[in-house]
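A.B. asks: Can you keep this structure in mind? I'll have questions shortly.
Every number here is computed from the coordinates shown, using simple stated rules; none is lab data. Fair warning: this is a prediction, and the values are worked out from it, not measured in the lab. Glycine also receives a Cβ, built like all others from the backbone with ideal geometry; neighbour counts cover every protein chain displayed.
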Amino acid sequence: MSEELIVKCPICQTEVIWNKNSPYRPFCSKRCQLIDLGEWADEGKRIPSQGDSNDSDDWSEMPSQEPQNH
């Protein structure tokens, strides 16, 4: 028999048993899961990168130019 893994919910610190009966793991509830998702969506949380640039820094949309008639 293996020991149960117990983790703390990243939002409210409630202890959560890590098994198939804990559908929101590592969160204790759907509420805490949605709070965490909202923090990512609002960019309150982010994964550190190597630089301060992002994928869109090297491009810009060029204004459409009308063909010139000579």
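A.B. asks: Place the peptides 25-34, 7-16, 39-48 in order of packing, highest mean first, counting for every residue the other Cβ atoms within 10 Å and averaging per peptide.
C.D. replies: Top of the packing list down: 25-34, 7-16, 39-48.
A.B. asks: Please compute the modelled spin-label separation between Y24 and A41, points set 7 Å along Cα→Cβ, answer in nm with one decimal.
C.D. replies: Output for this residue pair reads 1.6 nm.
A.B. asks: Sticking with this structure for a sec: Identify all lysines with a Cα-Cα distance to K45 below 24 Å; exclude those on the same chain that are fewer than 8 residues away in sequence.
C.D. replies: Hits, sequence-local ones excluded: K8, K30.
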